[in-house]
Amino acid sequence: MTQVPWQAKELTVGELSERSGVPASALRFYERQDLINSRRTSGNQRRYTRDTLRRVAFIRVSQRLGIPLATIRGALAMLPENRTPTREDWARVSECWRQDLTERIEQMTKLRDHLTDCIGCGCLTIDRCVLTNPWDRLQEEGPGPRKLIG
C-alpha cells in the first residue's frame, strides 16, 4: 500500500486508484465522461486534486443506486472546480436530487411489494396476472410496465 502524504495536493492515477478502490481504467473512463478531471504534467502524466477522492466516492455510490452517468455529471457540474466542495455545495446537489430520489424509492417500493403478483406488464403469462389485470386491459395503454409508471 502506497502512503500518500496528507499534505500532498495532487495524486497520481495509481494513488487515486489505490485510495478510492476504483481501478485506474475506470478513473480514465470517468475522465473521458467529464465526471472528473486532471491536469497533465510535462511528461503527460495525470495529476488529480485531492478532492477528486470525494467526487469518485460520490460517483460510485450514485452508480450503485442506479443513477445514470449523465445525471451524475450534471450534479458534479454544480460543484466548484477551483476549490474543494463545502458542505453547502454538497447540500445544494442533494437538494436537486431529492425529488428524483423520492420518486425512485416509491417506484422501487411498488416493485418490491408487487413483484410476486404482477409487475403490471399486461402479458398475462403469470397466473396471478388475471387478478391484477383482468382481460389484459393494460395492453391498450401500450407495451411495458404500466402500473409502476407514475
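The values are calculated or read from the model by the stated rules, or taken from the named source; none is laboratory data. What you see is a predicted model, and the numbers here were worked out from it, not measured in a lab. Note that each Cβ is placed from the backbone with ideal geometry, even for glycine, and that neighbours are counted across all protein chains shown. Ligands, DNA and RNA are stripped out before the accessible areas are found, and what is left, the full protein with its side chains, is counted by its heavy atoms. Shrake-Rupley method; radii C 1.70, N 1.55, O 1.52, S 1.80 Å.
Observations on the model:
- Neighbours by Cβ (under 9 Å, 6+ apart or cross-chain): first from the stretch 9-21, farther than 13 Å from ASN37 by Cβ; second of a type in the set (A, V, I, L, M, F, W, C) and open to solvent by 60 Å² or more (accessible area, probe 1.4 Å): GLU18/MET1
- Hey, THR84 hydroxyl-bearing (Ser, Thr, Tyr), modelled with pLDDT of 85 or more and within 30 Å of LEU35 (Cα to Cα) or not: no
- Search result, residues across the stretch 32-54 that are small (Gly, Ala, Ser) and touching a strand residue (DSSP E or B) at 6+ places or on another chain (Cβ under 7 Å): SER38
- Extreme residue, farthest from THR86 (Cα to Cα), among residues of the stretch 39-59 that are buried (at least 16 other Cβ atoms within 10 Å of the Cβ) and among the basic types (Lys, Arg): ARG46
- For GLY21, the stated conditions do not hold, so it cannot be described as open to solvent by 30 Å² or more (accessible area, probe 1.4 Å), modelled with pLDDT under 90, at positive phi and of a type outside the set (Phe, Trp, Tyr).
- Of the criteria (1) farther than 18 Å from LYS9 by Cβ; (2) of a type in the set (A, V, I, L, M); (3) surrounded by 13 or more Cβ atoms within 10 Å (Cβ to Cβ), which one ILE36 fails: (1)
- In the stretch 70-103, the residues that are within 13 Å of TYR30 (Cα to Cα) and open to solvent by less than 40 Å² (accessible area, probe 1.4 Å): ILE72, LEU76
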